[in-house]
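First, the structure itself, so that you have it in front of you.
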Amino acid sequence: MQNHIMDARWLAPTEPSDKRCLEFFKDFKLDEDIESATLTASALGVYKAEINGKKVGDIALAPGRTSMRYTLMYQTYDITDLLKTKNHIVLTVAGGWKSLYPHEILFNPSLPSGECAVIASIDVEYSDGSTQTILTDCSWKMQYSKITMSDPYDGETYDATFVSPKPVDATPIMYPRCSLVPQINEPTREKETLKAVKYIKTPAGEDIVDFGQNLAGFIEFSCCGEKGHVFELECGETLDKDGNFYRGNYRKAKAKLTYISDGKKAKYKTSMAFFGFRYLRLTGWNGKVDIRDFSAVAVYSDMERTGYIETSDPDLNQLYSNIIWGQRSNFVDVPTDCPQRDEKLGWTGDAQVFCKCASLNYNTYNFFRKWLNDMRNDQRPAGAIPQVIPNNANWASPASSWSDACCIIPWTLYLIYGNRQILEENFQMMKSWAEYIIRTDDEYFSSEKQYGDWLSTDIPDTSYMKGGTNRRYMAMCASVKTLEIVTKTAEVLNVRGADFTEDADRIRKKIVDEFFDGNYHLKEKTQTAFVVAIDCRIWPEKNAEFAKELVRLVHENGDRISTGFVGTPYILHVLSSNGYSELAYTLLLQKKYPSWLYPLSKGATTMWEHWDGIKEDGSMWSDIMNSFNHYAYGAVGDWIYTVAAGINYDESEPGFRKITISPVTDSRISYLKASLITDYGLVSSEWKNEGKKTTYTIVIPDGTKASAIIEGKHHSLKPGTNTFVISR
Ligand code: BGC
């Protein structure tokens with residue numbers, strides 16, 4: 001049945017709602033004999049719908065988060081079973097992500113600021129074929145909700161004692177500045193529910209509950225207080241070194257749930273804002289805490305889980321779990337840097353480095369496809385890609401490795417899912433970005449906005465966050481890679497006029513002129529400098545020399561990494577592809593700071609933003625930027641899938657139509673298994689070391705061409721299970 005949302009009017013309050021939630025409602029009558037009925041709705045902000053007292057659908061945080069000056073999504077729900085002849089519908093709306101935008105970008109400037117708005121249609125079909133439509137219009141009423149505060153950073157306040165003043169007529173407004181489109185990606189839903197695992201009375205005397213897992217989502221709790229009693233639940237990700245509650249790293253975000261009791265026993269779950277947390281500090285319980293009263297509900301985009309990794313090493317398994325929870329926490333409709341502090345932003349660089357691992361863990365095709373739609377909308381007329389998408393703050397300047405997400409992500413999705421559509425949709429954006437790089441050249445490479453190897457540890461003072469590798473050098477290397485991706489994309493799409501090979505070569509030459517000495521040795525002496533030289537194919541003939549230098553630097557650093565956001569995703573890859581797999585494993589298994597496993601010694605259950613978010617002496621890196629739920633370094637997961645387990649697509653027939661399995665074992669691990677659900681079916685690769693024997697078990701789906709390289713020897717693989725036993 002067709003919906004009529006395009007005929008409906010936007011409804012908004014006439015006065016600033018000031019972070020309050022609003023309820024737009026209407027009573028309506030229907031005939032009997034309803035065959036089917038749908039509700040189609042959207043909001044500028046966040047909405048939820050109830051019909052006759054029952055929640056409509058199971059989507060959380062609808063209508064989702066987009067670049068809302070251009071696009072808003074709408075959702076269509078089957079409401080046949082909720083309807084009677086006499087009905088009451090309530091649409092509750094909060095400002096949500098809209099609050100991040102300057103008012104005039106979204107609204108007619110004459111409207112009061114702090115607005116949120118809603119639009120809906122109810123479409124009914126009767127058994128005789130006749131239809132009826134109810135639209136949002138001036139016949140609806142509006143009142144304030146008992147949710148008296150909702151904010152993406154500050155949280156939610158529910159006042160059970162609140163009685164709204166008399167409802168007023170809802171006001172239809174003109175809201176011309178964006179288009180309404182149907183849901184593009186999997187909606188955000190409530191997923192895992194975790195019960196609190198521990199009650200802690202801290203040395204400071206505070207009441208804390210611990211969920212044992214850092215995550216993003218809703219808080220649910222039961223309480224019983226006298227009328228007017230205030231319960232407060234504040235979020236934290238970790239305790240400090242004395243075991244006290246710590247929330248300095250949330251910066252300005254209050255991240256607090258406040259519940260004002262009406263004197264009745266109640267069970268409450270937040271619904272209009274989500275939180276990033278592992279711990280809750282409780283105020284108002286006076287020590288009488290029953291952990292059974294508290295749950296944390298993970299909320300994220302409902303993508304299909306496709307990848308699994310399991311090994312004999314409990315630390316590696318915990319690392320993998322931290323990667324998965326990092327993804328869950330930061331895939332709430334938009335790929336975000338972190339889910340807790342006053343950011344929760346779609347930082348392009350973070351998404352780019354994690355995209356491959358994320359797309360093996362889950363089917364992210366629709367998720368990223370939607371975000372790339374926002375990126376295309378937010379691309380500046382001259383081709384620059386802002387560093388944050390949706391670009392709510394109206395930032396203009398691009399940065400290498402961040403803006404390059406516009407090329408790396410479509411290309412990665414194409415290789416993993418084999419669908420050209422993602423390249424077709426984004427090619428124009430990719431090409432304009434390539435042209436921007438070429439046109440602005442030195443001005444762009446040397447821009448102060450370049451982040452370099454963000455947060456690397458190769459400088460004495462790690463508070464200088466842009467790392468120890470020359471930023472102009474890094475920008476040029478990243479651009480070479482981007483130009484090659486755009487050239488390859490044009491080849492796949494058979495488009496002329498987008499061959500950037502000469503431009504890439506010109507930049508390579510510039511790199512050699514500026515950053516190599518008279519003997520053609522790279523002058524930059526950091527791990528990341530050599531990693532990107534190899535990964536971005538700056539001088540492929542010299543890869544062996546670069547790798548050797550990299551190995552020297554790794555040894556010099558006590559077999560530990562010193563890379564940041566840009567070097568980290570590739571360091572193990574460049575080591576293993578140049579004959580240093582054993583060292584790659586040493587880095588992966590390293591427990592001393594800086595390493596992937598070090599945070600485990602401090603109780604990490606998600607990936608950290610800084611290698612030393614909590615230092616060895618238990619002190620914090622700093623409050624100014626210290627997220628304990630940043631997925632970027634989780635990129636290492638893709639090395640485990642594609643090198644350790646050796647499951648690889650082939651660029652000539654992407655999407656795992658042609659598969660190469662080339663596992664790399666290590667004697668420090670007795671077994672490792674990775675599996676992937678591809679479009680063709682399950683692919684899995686497992687190896688087991690037992691004494692002098694290694695057993696490889698590989699599962700290949702029908703309809704693919706597959707081969708293996710086992711300890712240097714080539715084998716063809718058949719659909720089903722293939723086993724190889726190698727004895728030494
Ligand atoms: C974010 C990062 C992001 C960076 C840009 C930070 O505040 O949390 O992850 O990429 O800014 O440098």
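The values are calculated or read from the model by the stated rules, or taken from the named source; none is laboratory data. Keep in mind the model is a prediction, meaning the values are calculated, not measured. Every residue, glycine as well, gets a Cβ built from its backbone with ideal geometry; the counts of neighbours run over all protein chains shown. Only protein heavy atoms, including side chains, enter the accessible area calculation; ligands, DNA and RNA are left aside. Shrake-Rupley method; radii C 1.70, N 1.55, O 1.52, S 1.80 Å.
Condition (residue is more than 16 Å from the ligand (Cβ to nearest atom), over 28 Å from the mean Cα position of the chain (by Cα), open to solvent by 30 Å² or more (accessible area, probe 1.4 Å) and farther than 26 Å from V388 by Cα) applied to the stretch 449-463: is it met by at least one residue?
Within the stretch 449-463 (the criterion being more than 16 Å from the ligand (Cβ to nearest atom), over 28 Å from the mean Cα position of the chain (by Cα), open to solvent by 30 Å² or more (accessible area, probe 1.4 Å) and farther than 26 Å from V388 by Cα), the answer is yes, since at least one residue qualifies.
Rundown of residues vs (1) among the aromatic types (F, W, Y); (2) outside the structural domain of I408 (by TED's automatic domain parsing), yes/no style:
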| residue | (1), (2) |
| --- | --- |
| V574 | no, no |
| S577 | no, no |
| Y580 | yes, no |
| P599 | no, yes |
| A604 | no, yes |
| E616 | no, yes |
| M620 | no, yes |
| N626 | no, yes |
| Y631 | yes, yes |
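Moving on to the next point. Mind telling me which of the residues A12, A37 ends up being open to solvent by less than 10 Å² (accessible area, probe 1.4 Å), touching a helix residue (DSSP H, G or I) at 6+ places or on another chain (Cβ under 6 Å) and of a type in the set (A, V, I, L, M)? Please lay out each step first, then the result.
On the way: A12 fails: touching a helix residue (DSSP H, G or I) at 6+ places or on another chain (Cβ under 6 Å).
Within the list A12, A37, the selection yields A37.
For (1) closer than 27 Å to S401 by Cβ; (2) open to solvent by less than 20 Å² (accessible area, probe 1.4 Å); (3) not small (G, A, S), each residue gets a yes or a no:
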{"site": "L575", "(1), (2), (3)": "yes, yes, yes"}
{"site": "A584", "(1), (2), (3)": "yes, yes, no"}
{"site": "L588", "(1), (2), (3)": "yes, yes, yes"}
{"site": "W596", "(1), (2), (3)": "yes, yes, yes"}
{"site": "S601", "(1), (2), (3)": "no, no, no"}
{"site": "T606", "(1), (2), (3)": "yes, yes, yes"}
{"site": "D612", "(1), (2), (3)": "yes, yes, yes"}
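Restricting to the stretch 184-243, what's the tally of residues that are farther than 26 Å from K55 by Cα, touching a residue at least 60 places away in the same chain (Cβ under 8 Å) and touching a helix residue (DSSP H, G or I) at 6+ places or on another chain (Cβ under 9 Å)?
11
On the basis of being farther than 21 Å from K481 by Cβ, open to solvent by 10 Å² or more (accessible area, probe 1.4 Å) and more than 16 Å from the ligand (Cβ to nearest atom), does D513 make the cut? Lay out the reasoning, then the answer.
Numbers: farther than 21 Å from K481 by Cβ: no; open to solvent by 10 Å² or more (accessible area, probe 1.4 Å): yes; more than 16 Å from the ligand (Cβ to nearest atom): yes.
No, not satisfied.
Scan the stretch 547-585 for residues that are β-branched (V, I, T) and either under 20 Å from D612 (Cβ atoms) or within 26 Å of the chain's Cα centre (by Cα) (or both) and jot them down. Let's see the steps before the verdict.
Going through the stretch 547-585, the residues β-branched (V, I, T) turn out to be 551, 554, 561, 563, 566, 568, 571, 574.
Passing the criteria: V554, I561, T563, V566, T568, I571, V574.
Here's something else I'd like to know. Among the residues of the stretch 402-418, which ones are within 16 Å of the ligand (Cβ to nearest atom) and either in a helix (DSSP H, G or I) or not assigned by TED's automatic domain parsing to the domain that holds E448 (or both)?
Of the stretch 402-418, the ones within 16 Å of the ligand (Cβ to nearest atom) are 402-406, 408-409.
Within the stretch 402-418, A405, C406, I408, I409 meet the criteria.
Which residues, counting only those in the stretch 588-634, are among the aliphatic types (A, V, I, L, M) and within 13 Å of the ligand (Cβ to nearest atom)? Before you say what the answer is, go through the steps one by one.
Narrowing the stretch 588-634 to residues among the aliphatic types (A, V, I, L, M): 588-589, 597, 600, 604, 607, 614, 620, 624-625, 632.
Selection gives M607, I624, M625, A632.
With the checklist (1) assigned to a loop (DSSP other than H, G, I, E, B); (2) hydrophobic (A, V, I, L, M, F, W, C); (3) within 16 Å of the ligand (Cβ to nearest atom); (4) open to solvent by 10 Å² or more (accessible area, probe 1.4 Å) in hand, flag the one item A399 doesn't pass.
(4)
Which of the residues belonging to the stretch 1-29 are within 32 Å of the chain's Cα centre (by Cα) and of a type in the set (D, E, K, R)?
Going through the stretch 1-29, the residues within 32 Å of the chain's Cα centre (by Cα) turn out to be 3, 5-6, 10-12, 16-24.
Hits for the stretch 1-29 are D18, K19, R20, E23.
Residue check, T157 against (1) under 25 Å from S261 (Cα atoms); (2) surrounded by fewer than 19 Cβ atoms within 10 Å (Cβ to Cβ), all met but one. Which one?
Here T157 meets the rest and fails (2).
Looking for whichever is hydroxyl-bearing (S, T, Y), within 27 Å of T193 (Cβ to Cβ), modelled with pLDDT of 95 or more and within 16 Å of the ligand (Cβ to nearest atom) here; the options are T364, T348, T336. Which one fits? Break it down into steps so the answer makes sense when it comes.
Details: T364 fails: within 16 Å of the ligand (Cβ to nearest atom); T348 fails: within 27 Å of T193 (Cβ to Cβ).
Testing whether each residue is hydroxyl-bearing (S, T, Y), within 27 Å of T193 (Cβ to Cβ), modelled with pLDDT of 95 or more and within 16 Å of the ligand (Cβ to nearest atom) leaves just T336.
Sticking with this structure for a sec: State whether the residues of the stretch 619-640 include one that is without any contact (Cβ under 8 Å) to a residue 60 or more places away in the chain, open to solvent by 10 Å² or more (accessible area, probe 1.4 Å) and not basic (K, R).
Going residue by residue through the stretch 619-640, those that are without any contact (Cβ under 8 Å) to a residue 60 or more places away in the chain are none.
Checking the stretch 619-640: not a single residue is without any contact (Cβ under 8 Å) to a residue 60 or more places away in the chain, open to solvent by 10 Å² or more (accessible area, probe 1.4 Å) and not basic (K, R).
Now for a different question. Answer with yes or no whether L319 is in contact with a Gly (Cβ under 9 Å, 6 or more places away or on another chain), farther than 20 Å from F277 by Cα and more than 14 Å from the ligand (Cβ to nearest atom). So that I can check it myself, show each step before the final result.
On the way: in contact with a Gly (Cβ under 9 Å, 6 or more places away or on another chain): yes; farther than 20 Å from F277 by Cα: no; more than 14 Å from the ligand (Cβ to nearest atom): yes.
No.
Taking K344 as meeting all but one of (1) open to solvent by 10 Å² or more (accessible area, probe 1.4 Å); (2) touching a helix residue (DSSP H, G or I) at 6+ places or on another chain (Cβ under 9 Å); (3) of a type outside the set (S, T, Y); (4) outside any helix (DSSP H, G or I), write down the number of the exception.
Condition not satisfied by K344: (1).
Are any residues in the stretch 377-389 assigned to a loop (DSSP other than H, G, I, E, B) and away from the ligand (no atom under 15 Å from the Cβ), and if so, which ones?
So the first thing to find is which residues in the stretch 377-389 are assigned to a loop (DSSP other than H, G, I, E, B), and the list is 379-387, 389.
Hits for the stretch 377-389 are Q379, R380, P381, A382, G383, A384.
Could you grab me the full set of residues in the stretch 235-256 that are touching a Cys at 6+ places or on another chain (Cβ under 8 Å) and either among the basic types (K, R) or in a strand (DSSP E or B) (or both)?
Quick first cut of the stretch 235-256, residues touching a Cys at 6+ places or on another chain (Cβ under 8 Å) only: 247, 250, 255-256.
If the condition is that a residue be touching a Cys at 6+ places or on another chain (Cβ under 8 Å) and either among the basic types (K, R) or in a strand (DSSP E or B) (or both), then R247, K256 are the ones that fit.
Inside the stretch 191-234, can you point out the residues that are open to solvent by 50 Å² or more (accessible area, probe 1.4 Å), assigned to a loop (DSSP other than H, G, I, E, B) and aliphatic (A, V, I, L, M)?
Those that are open to solvent by 50 Å² or more (accessible area, probe 1.4 Å), assigned to a loop (DSSP other than H, G, I, E, B) and aliphatic (A, V, I, L, M): V197, A204.
Can you say whether N373 is within 16 Å of the ligand (Cβ to nearest atom) and touching a residue at least 60 places away in the same chain (Cβ under 8 Å), as far as the supplied structure shows?
Details: within 16 Å of the ligand (Cβ to nearest atom): no; touching a residue at least 60 places away in the same chain (Cβ under 8 Å): yes.
For N373, the condition - within 16 Å of the ligand (Cβ to nearest atom) and touching a residue at least 60 places away in the same chain (Cβ under 8 Å) - is not met.
Could you please tell me which pairs satisfy a Cβ distance under 6 Å, a separation of 6+ or placement on different chains, a first residue in the stretch 257-274 that is hydroxyl-bearing (S, T, Y), and a second residue that is surrounded by fewer than 20 Cβ atoms within 10 Å (Cβ to Cβ) and assigned to a strand (DSSP E or B)?
T258/E232; Y259/Y268; S261/H229
Going by the structure shown, is M430 more than 16 Å from the ligand (Cβ to nearest atom) and at pLDDT 95 or above? Please lay out each step first, then the result.
Working: more than 16 Å from the ligand (Cβ to nearest atom): yes; at pLDDT 95 or above: yes.
The answer is yes for M430.
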